[in-house]
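**Q** Structure in structure tokens, see below.
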Amino acid sequence: MITGVRSRGARARSTMFGYANLVPFVFFALFPFYFMLITSFKSNAELYSLKSVPLWIQNGAIVDHYRYLFARTEFLTLIRNSLVISVTATGVSLVIAVLAGYSLARFRFRGVGSFGTAVFITYLVPPTLLFLPLSQVVNWLGISDTIWALIVTYPTFLVPFSAWLLMGYFRTIPREIEECALVDGASRMRTLLRIALPMAIPGIVCVVLFGFTLTWNEFIYALTFRSQSSNKTAIVGVTADLIRGDIYYWGSLMAGAVLASVPVVACYVFFLDYYVSGLTAGAVKG
Amino acid sequence: MAIRSPAFEVAGLHRPTGRMARVREWWEQEHVFGYGLIAPAFVLITCLVAYPFAMAIYFSLSDYWVGSPGGFVGLANFREIFGNEVFRQTVQNSFVFTVVALTCKAVLGVWLAVLLARNLKGKRILRGAVLLPWVIPTALSTLGWQWMFDSLYSVVNWTAVNAGLISAPGPNWLGMSGYAMAAVITVNVWRGLPFFAITVLAGLVSIPREYYEAAEVDGASSFDRFWHVTLPLLKPVLAVVLLFSTIFTFNDFNIVYVLTRGGPVNSTHLFATLAYQTGLAGGNLGQGAAISLFMLPLLGLVVFFQLRYIRRE
């Protein structure tokens, strides 16, 4: 070990050095959230006074901004919209991606290679390239300005990502067990559902978490395909037109931003390790 | 090719005679089953990715406005765009934005990954904290930044003024072109840094410790170890992350849209925000599509390198 070579003092110094260097990064990462949080609890008088110190709450925390959000806006409707859209789109994408990912990982047939490449390219295509024509497609389907517009379009970026990730997971599972099941007379579909799927649970959890996070956070499609206020997602609602009227709205705006982040932060706190592994698998293995 | 539903096949399982048996036998063939499983994904990608993509190309070659499908006009949209001052400004913005943000993210990201790779106490919490900006909805955290860069109550300026770094009242971040670009880049780096750091970290921890031990025995300083051992071994991971990040950075929409709407005087417009403004807010779908297609060459280049990398694996 390296540590055997060095003295104890040198090791302690180097540990201190490590922490000290991390401080600016952690501060940079977390300060905006801290600031959003304290803003949402400050009174307007304190927020818009040039004499107050902006770095902490001086005149006592208040919940008026949150109360305003629930009493005077459609915030809860928007949260419900977002939940319905995210859960449905993630569920649909998961089913499609499990089937495609398994097929890509296990079977040899003509065109499987090209399809894998196509999935990968689609994974790289950014939504900003497709939002204009998709807005017309959504129009023609007659689902613009309904929550269906997003449920139908979100799988376009979720399925390639999820199929790619699951393909990687299925490949790490030894195929011998599945072959045994097939020899014993189980159908291929049964083999997939009863044997391969349970072993790919970590991959599936990863896909569900990322699917939920990506759809909940999605902005450009949600902004483009919806116009009526009550049909919007929470993110677009808070950003666009939920809280306006007078110029003093930063308090309730930050309250909305904090609350609309709660679902993803909750997932994140409980499943941190899945996020880390999914993030690296998506980029490094892919 | 007709795709049979799985439920139908399971029903056939119990009566292994006659037509059912033949259907089941057909469905159990490797290639039939394989095609069957990719069929839903194939339909989705064809209808909602490939077809819209073809439409984007058609739009860009036509005189298409929202609500009034126009005729084919050839390259007129592209000619018009090239003559447009705002578009030329956008091209310049996009490159400045991408190059500066990517450089910052790469340098800081590798540095942060090296720091996080050490066996420190509270490692998991530190990683969790650093990754947080990547998880929170970008549009919302950007709202927070907008408030931090407020023209009157900016906490950034307040802190800098009170620390004696600048004189009051400090720059109007979102109202002056150079500063607005700096603000947009800052937020992009803030949001993209975790992705860089965590991915590079995954590459770092996979480097065998023996290399470092050997280097140490040879008397290499910690900088030498980083420069001659870590960096060369990180190159493949770094290349992939850089390629990914190039796409995401170049195509950024959320940050610019929320923070500046492309202003002041178009100094922060990127392709995506200009395409949105022209195609949807302005209703000129033809030109909007043409603008968004300018993102294509870079995307093509990245796809090319990524595919080559994957094939080599």
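What follows draws every value from the coordinates through simple rules; no lab data is involved. Since we're looking at a predicted model, the values are computed, not measured. All Cβ positions, glycine included, derive from the backbone under ideal geometry; neighbour counts span all protein chains shown.
**Q** Using a Debye calculation, one point per C-alpha and no hydration shell, please list log10 I(q)/I(0) for chain A at q = 0.09, 0.10, 0.15 Å⁻¹ in order.
**A** -0.62, -0.73, -1.16
**Q** Here is a further query. Please report how far the C-alpha centroid of the range A:89-137 lies from that of the range B:10-89, rounded to the nearest whole angstrom.
**A** 10 Å
**Q** Expressed as a fraction of 2.2 N^0.38 Å, the rule-of-thumb size for a compact globular protein of N residues, what is the C-alpha radius of gyration of the range B:168-286? Write down the numbers at each step before the final one.
**A** Details: Rg = 20.8 Å, N = 119, 2.2 N^0.38 = 13.5 Å.
Cα-based Rg divided by the globular estimate yields 1.54.
**Q** Report the gain in length on full extension from A:Ile177 to A:Leu76: 0.36 nm times residue separation, minus Cα-Cα distance, nm rounded to one decimal.
**A** Numbers: separation 101, 0.36 × 101 = 36.36 nm, distance 4.80 nm.
Fully extending the segment from A:Ile177 to A:Leu76 adds 31.6 nm.
**Q** Cut-off 10 angstrom, C-alpha nodes, Gaussian network model of chain B. Which of B:Val91, B:Val73, B:Val43 fluctuates the most?
**A** Ranking B:Val91, B:Val73, B:Val43 by mean-square fluctuation puts B:Val43 first.
**Q** Name the residues of the range A:40-63 whose amide N is less than 20 Å from a point 7 angstrom out from the Cα of B:Ala168 along the C-beta direction?
**A** In the range A:40-63, the label zone of B:Ala168 (backbone N under 20 Å from the point 7 Å along Cα→Cβ) covers A:45-59.
**Q** Could you compute the FRET efficiency for B:Ala21 and B:Leu307, with r as their C-beta to C-beta distance and R0 at 51 Å, rounded to 0.05?
**A** E between B:Ala21 and B:Leu307, to the nearest 0.05, is 0.75.
**Q** Sticking with this structure for a sec: Provide the per-residue ³J(HN,Hα) series for the range A:44-55, in order, calculated from phi with Karplus coefficients 6.51, -1.76, 1.60 and θ = phi - 60°, each as a whole number of Hz, with x at glycine and proline positions.
**A** Karplus-based 3J(HN,Hα) across the range A:44-55 equals 4, 4, 6, 4, 10, 10, 6, 8, 7, 7, x, 7 Hz.
**Q** Along the range B:135-148, what does the Karplus equation 6.51 cos²θ - 1.76 cosθ + 1.60 (θ = phi - 60°) give for ³J(HN,Hα), rounded to whole Hz, x for Gly and Pro?
**A** Going residue by residue, I get 8, 5, x, 4, 4, 6, 5, 5, 4, x, 5, 4, 5, 5 Hz, with x marking Gly and Pro.
**Q** State the Cα centre-to-centre distance between the range B:116-155 and the range B:248-313 in whole Å.
**A** 25 Å
**Q** Per 0.36 nm of contour for each residue apart, how much would the distance between A:Thr117 and A:Tyr19 grow if the chain were fully extended, relative to their Cα-Cα spacing?
**A** The span from A:Thr117 to A:Tyr19 would gain 31.0 nm if fully extended.
**Q** Ok, one more. List the trypsin sites (Lys or Arg not before Pro) within the range A:88-134 that DSSP assigns to loop and that have no more than 13 neighbouring Cβ atoms inside 10 Å. Please list the in-between numbers first.
**A** Values: sites: A:Arg106, A:Arg108, A:Arg110; in loops: A:Arg108, A:Arg110.
Filter output for the range A:88-134: A:Arg108, A:Arg110.
**Q** Also: Assign one of three labels to chain B, namely rounded, prolate or oblate, based on the Cα gyration tensor with a ≥ b ≥ c the square roots of its eigenvalues; rounded applies when a/c is under 1.5, prolate when it is not and a/b is larger than b/c, and oblate otherwise.
**A** It is oblate, given that a/c is not under 1.5 and a/b is not larger than b/c.
**Q** May I ask which residue of A:Ser43, A:Ile62, A:Leu99 lies farthest towards the positive end of the charge dipole of the range A:6-157, with charges of +1 (Lys, Arg) and -1 (Asp, Glu) on Cβ and the Cα centre as origin?
**A** The listed residue farthest towards the positive side: A:Leu99.
**Q** Give me the one-decimal nm value for the distance between modelled label points at B:Asn84 and A:Ala45, 7 Å along each residue's Cα-to-Cβ direction.
**A** If labels sit at B:Asn84 and A:Ala45, their model points lie 5.0 nm apart.
**Q** Further question on the same structure: I need the fraction of alpha carbon pairs in the protein assembly as shown separated by more than 48 Å, rounded to a whole percent.
**A** 17 percent
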